[in-house]
Amino acid sequence: MEASQMPLPAQPSPETGVLYLGIDLGTSRTSVSASNGVRVTVPSFVGYPKDVVARKLLKKDVLFGDEALEKRLSLNLYRPLAEGVIKSSLESGKSNQIEAEANMRAARDLIAEIVRQARPRADELVYAVIGVPAQASINNKEAILEAAKECVDSAMLCSEPFSVAYGLDMLDDVLVIDIGAGTVDLCRMHGTMPEDADQVTMTTAGDFVDDNLERLIGERYPEAQVTRQMVKTMKERFGSINDNMDPCVVTMPVAGKPTQFDIKEEIKEACAAIVPPIVSGLQQLIATFDPEFQDKLKKRVLLAGGGSQIKGLDTAIEREMVERLGSGKVIRTEEPMYGGSNGALKIANDMPDEYWEQLR
C-alpha cells in the first residue's frame, strides 16, 4: 500500500464523521463499496458535449457510464484509464499533452462521480483506499492520487489482487488472479504484505479478448459491420471456453440489413487466448517461491475480477496448470464485480484513525 500526501489546513472536530470508501478504479468499470452500505459500479466512460447543439440537447456538462455510451455520438468520449492507470497519450513517440490533460480531467471527474454516488454527507470526511494494478509505476500512482485529491480528504493505494485477498481473509498460501479489462494482476500471498517479487501484471486481459474477437469476426464475416462496443457486449453475453457451448447467435448489419451470425467458435478462441499467459504468470510466481510451500499455492488459486466471469475459465486454468505444473485448484470469488472494492473498504476500515490523520 502507498499513501498520498494531502495536507489540509483544518483538522476534523470530534463530532466530524468519516465515510470510508474502497474504490476499484478499472479500465472498463469503476466500483465503490462504502462504509454507509452503498455499493455502485459505473462503466469507466466520461463524455463532454461536442458543441453548443450537443450541450443544448443533453443539458449537462459531463456524462458518465452507460449514459455517456448511449449519447456518445454527441460527445467527446473518454475512457481515461488504460491498463488500469490514467492514460498519458503518446503520439509518434512524443507525449500528446492535450490528450493527456483531457484524460486527467476525465479521470478526476470519474473519481468525483463515484465518490458522489457513495452519498457522503456534507459534514463527513472521505477516506479512500484505491486499488491499482499490481505493478503500476510510481508516476501512474502519483497521477491517480492527483486525480483523487480534489474529492477525498485522504487516500492510499493498494494493489488490486491484494485487496481481493484481504477482503476474503485469504492472506496465506494463496495465488490471486484478478482479471480486469486492462490488466491481469497476479499476487502470491504468504502471510505478509506482498512485495514486487510476489506480483505480476500482464495486459492479456479483457481488452485483449475484445481485440481478438473483433479480428476473428472480421476474418470470418468480412461483410458484417461491427463496433468495439458491440464486440464487448457479445463477449459479456456469451463469453465461454466450455467444450459444449450452445450457438452464440448475434445480429450485425450487412449493407444496412440486420443479419444473424453464429460466432461460437470466435468467442471460444478469443476467450481461451488468455489462459496460457495466466498460467505462465502463475508458474513464475510458483517456481520462485519456497519449494516446500509450492504445492500449497497450487491448491489455492483465487479467480477474481470482471474477466473471471468467462464460463469454463476456472476449469481451463486448472487443466493447463496440471499439464505444466503437475496440479492446480482454482476457486472463483462469489462477487467478481465488487471483490476489489470490498477488500479496499475492509483495508480502509482496519487502518487506525491516526494513520489516516498522518496522510491528510
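What to note about this one:
- Here the condition is being open to solvent by 50 Å² or more (accessible area, probe 1.4 Å) and hydrophobic (A, V, I, L, M, F, W, C); of ILE331, ILE317, it holds for ILE331 alone.
- Test: residue in the stretch 4-12 that is assigned to a loop (DSSP other than H, G, I, E, B), modelled with pLDDT of 90 or more and open to solvent by 40 Å² or more (accessible area, probe 1.4 Å): no
- As a summary of the residue check, TYR48 satisfies the conditions (1) in contact with a Phe, Trp or Tyr (Cβ under 7 Å, 6 or more places away or on another chain); (2) among the hydroxyl-bearing types (Ser, Thr, Tyr); (3) without any contact (Cβ under 8 Å) to a residue 60 or more places away in the chain except for the one numbered (1).
- Test for VAL129: is it within 17 Å of the chain's Cα centre (by Cα), of a type outside the set (Lys, Arg), open to solvent by less than 30 Å² (accessible area, probe 1.4 Å) and at pLDDT below 95: no
- Of all residues assigned to the stretch 87-101, at least one qualifies as being more than 26 Å from LEU186 (Cα to Cα), surrounded by 14 or more Cβ atoms within 10 Å (Cβ to Cβ) and of a type outside the set (S, T, N, Q).
- Pairs where the first residue, in the stretch 213-231, is in contact (Cβ under 8 Å) with a residue 60 or more places away in the chain and the second is in a helix (DSSP H, G or I) and open to solvent by 40 Å² or more (accessible area, probe 1.4 Å), C-beta under 9 Å, 6+ apart: GLN229/ARG72
- Checking each residue in the stretch 228-244 for being assigned to a loop (DSSP other than H, G, I, E, B) and either in contact with a strand residue (DSSP E or B) (Cβ under 8 Å, 6 or more places away or on another chain) or closer than 16 Å to SER28 by Cα (or both) picks out GLY239, ILE241, ASN242.
To keep it simple, each residue is scored yes or no on (1) out of contact with any helix residue (DSSP H, G or I) (no Cβ under 8 Å at 6 or more places or on another chain); (2) outside any strand (DSSP E or B).
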position: VAL18; (1), (2): no, no
position: LEU21; (1), (2): no, no
position: VAL32; (1), (2): no, no
position: ASN36; (1), (2): yes, yes
position: VAL40; (1), (2): no, no
position: GLY47; (1), (2): no, no
position: ALA54; (1), (2): no, yes
position: LEU57; (1), (2): no, yes
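- Checking GLU219 against (1) in a helix (DSSP H, G or I); (2) surrounded by 12 or more Cβ atoms within 10 Å (Cβ to Cβ); (3) modelled with pLDDT of 95 or more, the condition it does not meet: (2)
- Residue identified as buried (at least 17 other Cβ atoms within 10 Å of the Cβ), farther than 23 Å from ALA181 by Cα, of a type in the set (Val, Ile, Thr) and at pLDDT 95 or above among VAL62, VAL46, VAL53: VAL62
- Taken together, the residues in the stretch 48-64 that are in contact with a Ser or Thr (Cβ under 8 Å, 6 or more places away or on another chain) and within 20 Å of ARG105 (Cα to Cα) amount to 4.
Rundown of residues vs (1) acidic (Asp, Glu); (2) more than 21 Å from ASP198 (Cα to Cα); (3) touching a Phe, Trp or Tyr at 6+ places or on another chain (Cβ under 9 Å); (4) at pLDDT below 95, yes/no style:
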site	(1), (2), (3), (4)
GLY305	no, no, no, yes
GLY312	no, yes, no, no
ARG324	no, no, no, no
ARG332	no, no, no, yes
GLU335	yes, yes, no, yes
GLY343	no, no, yes, no
LYS346	no, yes, yes, no
PRO352	no, yes, no, yes
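- Residue pairs whose Cβ atoms lie under 6 Å apart, separated by 6 or more positions or on different chains, with the first residue in the stretch 296-309 and among the hydroxyl-bearing types (Ser, Thr, Tyr) and the second surrounded by 17 or more Cβ atoms within 10 Å (Cβ to Cβ), are SER308/ILE179; SER308/PRO336.
The values are calculated or read from the model by the stated rules, or taken from the named source; none is laboratory data. Because the structure is predicted, anything quoted here is derived from the model rather than measured. As a convention, Cβ positions derive from the backbone with ideal geometry for all residues, glycine included, and neighbour counts pool all protein chains shown. We work out accessible area using only protein heavy atoms, side chains counted, and drop any ligands, DNA or RNA first. Shrake-Rupley method; radii C 1.70, N 1.55, O 1.52, S 1.80 Å.
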